[in-house]
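The values are calculated or read from the model by the stated rules, or taken from the named source; none is laboratory data. All figures in this text were calculated on a predicted structure; none of them were measured in a lab. Positions of Cβ are generated from backbone atoms using ideal geometry, with glycine treated the same way; all protein chains shown enter the neighbour counts. For the accessible areas, the whole protein counts, side chains as well, though only heavy atoms, and no ligand, DNA or RNA atoms are used. Shrake-Rupley method; radii C 1.70, N 1.55, O 1.52, S 1.80 Å.
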Amino acid sequence: MTEARSLVFVLLCLASVVMANFEYHERTFGNENEKYVELRVGMVTIKDSWAGSNEIYLAYNVTLQSVDNSATNEVYSAIYHSSRAGSIGWTNAEGQEYLCCTSSIQKASGCTGTGLIVNDDHIFSQKYTVGSSLTSAQVTKSPEKSGIYYVLFVACPQSQITIDGAVTWMNPYGHLSAELYPFIWFFSFLAILYTGALIYWIVLSLLHRKELLMLQNWIAVVIVLGLVECVTWYIDFKWGNSTGKFNWNAITIGIFSSTLKRAVSRLLVLVVSLGFGV
């Protein structure tokens, strides 16, 4: 059961973390379940980058359409640094957050109209009038500061909108978000350690092959599975940095080998605890 939960956790993480092409497939927002859509991206400027010299950008190319064909709605987009997150929307004394200005909060919040509440001139925002026909929205920005950026789409006043398209970005070293890039080096270093451990274990096994227990052969299997896991995750992140997309073959092998490695390791601990093979 623990392994199953671990597998589900990994899959959920992969579903929530993006490489460099996040696609909206006719996703609907502006309802009670999802009032707005927001994407979190780690960006690094060339000045702060530890590798690469690609021109950085953060862009979206989407189409918007009103679910209610008879209505015309206003959709606002915003791209902003995490340090300016407090300048988007308004929160009342009870902790309730409002992204859009309404007549009921105009006096308390100081906002005017019915649009997105933006209290910082450094925040890029754009308004789109959306109806029954598809409305195209395209923007490309060059982040001037390293950190976490958010790409927000919200309908003001609240109404159901369908969004389709993609948000893309490029960092100096490649397509990976800044939070994911260190995993390339982490898994490459871990793969080297596993390779060294496997060679050392093979040499010891050859030297003592006449006295080997079956348990020790299974330890070699665990080391091999660990090596396969690290190599496949390295390939996936390296692929993602080059192409902006997940390598699902590597992900499948990586999850399978990781789950199998943990299962075998725990079985070995159980076998030793029960006195078998010793």
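How big is D for the stretch 102-206, in µm² s⁻¹ as a whole number, if Stokes-Einstein is applied with the Kirkwood radius of its Cα pairs at 25 °C and 0.890 mPa s? Intermediate values should be presented prior to the final figure.
Working: Rh = 19.3 Å.
It diffuses with D of about 127 µm²/s by this estimate.
Charges only on Cβ, +1 for Lys and Arg, -1 for Asp and Glu: so what's the dipole of the stretch 64-197 about the Cα centre, in debye to the nearest 20?
180
When only alpha-carbon atoms are used, what values of Rg and Dmax, in angstrom, describe the stretch 111-168?
For the stretch 111-168, the Cα-based Rg and Dmax read 13.3, 38 Å.
Give me the 1.4 Å probe accessible area per residue for the chain, excluding ligands and nucleic acids, in Å². Don't jump to the answer; show the numbers that get you there.
On the way: 15760 Å² over 278 residues.
Value for the chain: 57 Å² per residue.
Above 22 Å lies some portion of the pair distances; for the stretch 12-101, what is it as a whole percent of all C-alpha pairs?
Of all Cα-Cα distances in the stretch 12-101, 47 percent exceed 22 Å.
Taking a cut-off of 24 Å between Cα atoms, list the lysines near Lys107, but don't count ones fewer than 8 places away on the same chain.
Within the straight-line limit of under 24 Å, Lys107 reaches these lysines: Lys35, Lys127.
Equivalent-ellipsoid semi-axes (√(5λ), Cα gyration tensor) for the stretch 120-278, whole Å, largest first? Show your work: numbers first, answer last.
Numbers: eigenvalues 510, 67, 32 Å².
Values for the stretch 120-278, descending: 51, 18, 13 Å.
In bins 10 Å wide, starting from 0, what share of all Cα pairs of the stretch 166-222 does each bin hold, as a percent?
Spelled out per bin, shortest first, that is 19, 30, 18, 16, 12, 4, 0.
Length gain on complete extension for the stretch Met214 to Leu260, per 0.36 nm per residue less the alpha carbon to alpha carbon distance?
Additional length available on full extension: 14.8 nm.
Which order do Leu213, Leu274, Leu190 take when ranked by solvent-accessible area (1.4 Å probe, heavy atoms of all protein chains), largest first?
In descending accessible area the options line up as Leu274, Leu213, Leu190.
Name the lysines eligible as straight-distance cross-link partners of Lys145: C-alpha to C-alpha under 23 Å, and not fewer than 8 places from it in the same chain.
Lys47
Thinking of the stretch 61-149 as a set of Cα atoms, what percent of all their pairs are more than 14 Å apart?
69
Would you mind checking the radius of gyration and Dmax of the chain based on alpha-carbon positions, in Å?
Looking at the chain, its Cα Rg and Dmax stand at 25.1, 85 Å.
For n ≥ 4 DSSP H runs only, could you compute -39500 (n - 2.57) per run for the chain, divide by its residues and tell me the 222 nm figure to the nearest 500?
-12500 deg cm²/dmol
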